[in-house]
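The values are calculated or read from the model by the stated rules, or taken from the named source; none is laboratory data. These numbers were taken from a predicted model, which means no experiment stands behind them. Heads up, the Cβs are rebuilt from the backbone with ideal geometry, glycines too, and the neighbour counts pull from every protein chain shown. Note: areas computed on protein heavy atoms with side chains; ligands, DNA, RNA excluded. Shrake-Rupley method; radii C 1.70, N 1.55, O 1.52, S 1.80 Å.
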Amino acid sequence: MREIGQFIDGTAVRGGGTTPFDTIDPATGETLAAVTPAIAADVDRAVAAAARAQQEWQAMDGAARAEVLNRIADALSDRRMELAELEVADTGKPISEAPEADIDSAVDCFRFFAGVARSIRGESIDLPGSLVYTRREPWGVCAGIGAWNYPIQIASWKAAPALACGNAMVFKPSEVTPLTAMELAGIIHEAGVPKGLYNLVNGAGDVGAMLSTHPGIAKVSVTGSVATGKRVMAGAADTLKAVTMELGGKSPLIVFADANLDDAVSAAMLANFYTQGEICTNGTRVFVHRSIRDAFLEQLVRRTEAMIVGDPKDPATHVGAMISAAHLDKVMDYVAKGKAAGATVLTGGERLTGGLFDRGAFMRPTIFADVSDDMLIARDEIFGPVMSVFDFDDEDEVVARANATEFGLAAGLMTRDLSRAHRVAAALQAGTVWVNTYNLTPIEMPFGGVKQSGLGRENGHAAVDFYTRSKSVYVGLGPVEAPY
Ligand code: NDP
């Protein structure tokens, strides 16, 4: 069986953990690898290697850094299908998604930030008799902590901007999905970064906490649940690290009466069932104008029932395996609570059994109607293929209900009315609002949450603000006027 440990100072090493854990294919129950967790001494070595390498990397100009980032993109691209298959095995997501959504997006990310590496700049401030300017400088060593739903994409969304800006990184993938991030570590090293610039440590939350509290790390970026984000922020407080938080959501998707019905149904399905619904930005609260409710639900249920749940490795499959049996239990518990609270299951609502389904964690895409805003299924992030549909009558009412949540990651609205589109986009409390589409995250677009869904932004030029710090330089151009 494959064994993996850490990637420290340019080398794959076992690490000091004494109790390896297995990473499992959630579609088959097969053990993919035994993973040795890092201990504090491993994290210290990774941070020390990163700090050394960062000095060399920072001294290289943007064009040289860009060349390396482009080589990383090339290597990811060359290994596209192999990496996609590994991601499918580790996450249970369907192969119909992974090459494009996971690998191509990682490639695109490194290419985009290769360009950014050459365009990092400060500003100059006009003041008489002096020259004042700002420089954007790297933090030094950054930590990245990833979730399990988009392992290589999350690792890339953190590594590429961090490296483009001249930082080093120590990354910890989710303990459930360490495999592709480990491949990425090797690829980054082979592309020619200074030895030790990108390190990977494996393990559970305790290893993440070693990073968020480490005095040698200046900034930490975490993708995970709100509860984890709060713990990471608290851990970072003692050394006053900068933090970027990409956390959970319970996003609204509002379908106005004038929406194109087919598009609205497509958007709602993409917003709930892509990657088994295990997507942070999912629009799991679908508000449909009462006048089109019946037509919307009829089409939605019909098309959802035609979705193929099955072997993630089969290109025909739309919905693969949930990340683990434990997570499936959690999602099914929400389904049971929704039923008990009086919501109506229009389709799905059960786990799948028999044949291949007995070996893994599978459920049918599930649609609830007759959901009230105060039900648990309407308030909590479920992180599975469970959609709740609500009725509404007017715009002010639906905007208020959409915003009545502690989360603020994303939102969507479907309408042909241009004024309404922009008015409602402005009124929604969310880091991203999609109009007449859902869940598209081009690398050029800043991404992140408001309220308890996050702090800071990934992607786009905005990421530079969060992977560099500003230094002001004031140059006196005249005599020094001293009063004594
Ligand atoms: P978790 O919050 O459980 O874990 C996220 C990462 O943090 C994992 O690597 C985890 O380690 C680590 N971790 C756990 N505890 C600590 C700690 N005390 N200190 C430091 N690190 C810690 O999230 P999941 O992996 O279950 O992912 C699902 C969640 O992620 C959902 O809430 C989802 O919305 C959110 N998410 C947000 C995205 C965004 O961009 N906004 C994108 C994708 C997901 P381990 O799990 O290995 O123990």
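Filtered by the rule that a residue be within 16 Å of the ligand (Cβ to nearest atom) and open to solvent by 10 Å² or more (accessible area, probe 1.4 Å), the stretch 192-205 gives Ala204, Gly205. Being within 11 Å of the ligand (Cβ to nearest atom), modelled with pLDDT of 95 or more and under 30 Å from Glu395 (Cβ atoms) holds for only one residue in Gly235, Gly208, Gly249, and it is Gly249. Residues of the stretch 118-133 that are touching a residue at least 24 places away in the same chain (Cβ under 8 Å) and open to solvent by 20 Å² or more (accessible area, probe 1.4 Å): Arg118, Ser119, Ile120, Gly122, Gly129, Leu131, Tyr133.
In summary, Leu200 fulfils each of the numbered conditions (1) under 24 Å from Glu100 (Cβ atoms); (2) in contact with a helix residue (DSSP H, G or I) (Cβ under 7 Å, 6 or more places away or on another chain); (3) of a type outside the set (Gly, Ala, Ser) with the single exception of condition (1). Does any residue of the stretch 279-292 turn out to be more than 15 Å from the ligand (Cβ to nearest atom) and open to solvent by 50 Å² or more (accessible area, probe 1.4 Å)? Checked against the condition, which is being more than 15 Å from the ligand (Cβ to nearest atom) and open to solvent by 50 Å² or more (accessible area, probe 1.4 Å), the stretch 279-292 yields at least one hit. Every condition in (1) open to solvent by less than 10 Å² (accessible area, probe 1.4 Å); (2) within 16 Å of the ligand (Cβ to nearest atom) holds for Ile367 except the one numbered (2). Return yes or no: is Arg359 basic (Lys, Arg), closer than 30 Å to Asp311 by Cβ and touching a residue at least 24 places away in the same chain (Cβ under 8 Å)? Against the criterion (basic (Lys, Arg), closer than 30 Å to Asp311 by Cβ and touching a residue at least 24 places away in the same chain (Cβ under 8 Å)), Arg359 qualifies.
The residue of the stretch 1-53 that is surrounded by the most Cβ atoms within 10 Å (Cβ to Cβ), among those that are among the basic types (Lys, Arg) and modelled with pLDDT of 95 or more, is Arg45.
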